[in-house]
Amino acid sequence: MSGLQKKVRTCLWFEGKGREAAEFYVSLLPDSHIDDKFSAYEDEPLVVEFTLAGAPMMTLNGGPMFKHTGAASISVLTENQAETDRLWNALTEGGEESMCGWLKDRYDVSWQITPKRMVDLINHENQAAATRAREAMFKMKKIDIAVLEAAFLGE
């Protein structure tokens, strides 16, 4: 089912560059593609509907009234350190690193790049080990799975 056929999608408001952002985002993740563009201007679509890793999304070039904030973010669960590094490096280019796997990309959109292994470690039933992993995570910008695992083990 394409993003256009799904009832709910996330809308990201832009002051221009909505198409550029959508094209960049779909280049990053499998099962991502541009679904449709609705033009109101000659050189920039008003709306771009796209699918991001299977999730329906859209950009709206609505003007300067609203700005992106960290109150909303795109969260990506990564499979391993290589995927974490690849996404982190692509998204922080021209953007800004934050703490605990959070960043803002070049379009000022907030992202959480979260390894699945981190979620397992910080939610583990061994509370002491989970706390050590969580405390290690609090010191990181980009998540380093090996460091989290070492902290979990008490190394």
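Bear in mind these aren't lab numbers, they're just calculated from the coordinates by the rules spelled out. None of the values given here were measured: they were computed from a predicted structure. Heads up, the Cβs are rebuilt from the backbone with ideal geometry, glycines too, and the neighbour counts pull from every protein chain shown.
Fully extended, how many nm does the chain gain between residue 23 and residue 100 (0.36 nm per residue separation, minus their Cα-Cα distance)?
Values: separation 77, 0.36 × 77 = 27.72 nm, distance 2.64 nm.
Stretched out fully, the residue 23 to residue 100 stretch lengthens by 25.1 nm.
Using a Förster distance of 22 angstrom, determine the FRET efficiency expected from the C-beta separation of residue 89 and residue 124, and round it to 0.05. Show your work: numbers first, answer last.
Details: r = 28 Å, r/R0 = 1.29.
After rounding, the FRET efficiency stands at 0.20.
Distance in nm between label sites at residue 147 and residue 116, each 7 Å beyond Cα in the beta-carbon direction?
That separation, rounded to one decimal, is 2.3 nm.
Under a plain spin-label model, where a point goes 7 Å from the Cα along Cα-to-Cβ, how far apart in nm are residue 82 and residue 53?
1.7 nm
For the stretch 63-155, report the % of Cα-Cα distances exceeding 22 Å.
30 percent
Kirkwood hydrodynamic radius for the stretch 25-77: how many Å is it when counted over pairs of different Cα atoms? Walk me through the numbers on the way to the answer.
Working: mean 1/r = 0.0802 Å⁻¹.
With all distinct Cα pairs of the stretch 25-77 included, I get 12.5 Å.
Of 17/104; 7/37; 37/67; 6/142; 7/104, which ones are farther than 26 Å apart at the Cα?
Numbers: 17/104 16 Å; 7/37 17 Å; 37/67 22 Å; 6/142 33 Å; 7/104 28 Å.
Beyond 26 Å between Cα atoms: 6/142; 7/104.
Among bridges DSSP assigns within the chain, what percent are antiparallel (round to 5)?
Working: 17 of 28 bridges.
Counting only bridges with both partners in the chain, antiparallel ones make up about 60 percent.
What is the extension gain from residue 73 to residue 139, computed as 0.36 nm multiplied by their sequence separation minus the C-alpha to C-alpha distance, in nm to one decimal? List each step's numbers first, then the result.
Values: separation 66, 0.36 × 66 = 23.76 nm, distance 2.04 nm.
21.7 nm is the gain from fully extending residue 73 to residue 139.
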